[in-house]
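**Q** Take a look at the following structure, please.
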Amino acid sequence: MRRVAAIGLGSNLASEFGGPEANVREAVRRVRGLGEVRAVSSWYDTAPVGFTEQPRFLNGALLLETELAPVELMRALLGIERAMGRDRSAAPAKGPRVIDLDLLLMGDLILSSSELTLPHPAMAERRFVLEPLAEIAPAMVDPVSGRTVLAMLERLAG
């Protein structure tokens, strides 16, 4: 069964691929191997959240049509992160990173396991997630709240 997944991307460190923009572009290229990329947002320059003593981020979002199950997709995204040089165990939470790939939404699925929570639990509070996602999928619905991505973004702005 094919589903459309919304994936958030972010980077604020240089790597063997170049700076943050090269990193997010390389991540998009690699995600293409997991299905059909339907849309990619613009890149947004954003301030770090939580751990603020670090470089600014470049954030974006993409829509992927895939046959992978949610946990399989999440594992594949983590594999891309590792292959691009991210070591989650060595970095502080919310710290600097070469690449960050977050599975935000996957159709109307609601899931809570030790490996994955869908929709992404912090999505509704993160402008740096909602703004690029609203650019490419404003009518996509959070199945828990029933709100569209655009409505969640407007709620943050209000």
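The values are calculated or read from the model by the stated rules, or taken from the named source; none is laboratory data. Quick caveat: nothing in here was measured; it's all calculated off a predicted structure. Glycine gets a Cβ as well: all are built from the backbone with ideal geometry, and neighbour counts include every protein chain shown. Side chains are part of the model used for accessible areas, which takes the heavy atoms of the whole protein and leaves out ligands, DNA and RNA. Shrake-Rupley method; radii C 1.70, N 1.55, O 1.52, S 1.80 Å.
**Q** Enter the accessible area per residue of segment 1-126 (Å², integer; probe 1.4 Å; all protein chains in place).
**A** Here the per-residue accessible area is 49 Å².
**Q** Determine the share of the chain's accessible area contributed by carbon and sulfur atoms, expressed in whole percent, with a 1.4 angstrom probe.
**A** Using a 1.4 Å probe with all protein chains present, the chain comes out at 52 percent carbon and sulfur.
**Q** Further question on the same structure: In percent, what relative contact order does segment 3-87 have, based on Cα pairs under 8 Å that are 6 or more apart in sequence? Walk me through the numbers on the way to the answer.
**A** Values: 123 pairs, mean separation 31.4, N = 85.
Dividing the mean separation by the residue count of segment 3-87 yields 37 percent.
**Q** In the chain, which whole DSSP H runs stretch at least 15 Å along their own axis (Cα) and average -1.0 or higher on the Kyte-Doolittle scale?
**A** Numbers: long enough: 20-31 (16 Å, -0.78); 70-83 (20 Å, 0.54).
Going by DSSP H runs, the hits are 20-31, 70-83.
**Q** Between ALA90 and SER112, take the C-beta separation as r, use R0 = 22 Å, and let me know the FRET efficiency to the nearest 0.05.
**A** On the way: r = 27 Å, r/R0 = 1.23.
That gives a FRET efficiency of 0.20.
**Q** While we're looking at this one, here's another question. Can you grab the distance from the C-alpha centre of segment 68-135 to the C-alpha centre of segment 33-62, Å, no decimals?
**A** 11
**Q** Could you give the length gained by full extension between VAL71 and SER145, i.e. 0.36 nm per residue of separation minus their alpha carbon distance, to one decimal place?
**A** Result for the pair: 24.5 nm of gain on full extension.
**Q** Could you point to the label whose value was computed as volume of the Cα convex hull per residue in Å³ for the structure here, given (1) 106; (2) 357; (3) 142?
**A** For volume of the Cα convex hull per residue in Å³, the calculated option is (1).
**Q** What does the net charge come to around MET123 if you take all other residues with beta carbon closer than 13 Å to its beta carbon, with K and R at +1 and D and E at -1?
**A** Summing Lys and Arg as +1 and Asp and Glu as -1 gives 0.
**Q** May I ask which residue of SER41, SER11, MET1 lies farthest towards the positive end of the charge dipole of segment 1-96, with charges of +1 (Lys, Arg) and -1 (Asp, Glu) on Cβ and the Cα centre as origin?
**A** Positive-end residue among those listed: MET1.
**Q** Positive end of the dipole of segment 54-158, charges at C-beta (+1 Lys, Arg; -1 Asp, Glu), about the Cα centre: which of VAL98, THR66, VAL149 has its Cα farthest in that direction?
**A** The Cα lying farthest towards the positive end belongs to VAL98.
**Q** State, to one decimal in nm, how far the label point of ARG82 lies from the label point of ARG155, with both points 7 Å from Cα in the Cβ direction.
**A** Here the answer is 3.5 nm between the modelled labels.
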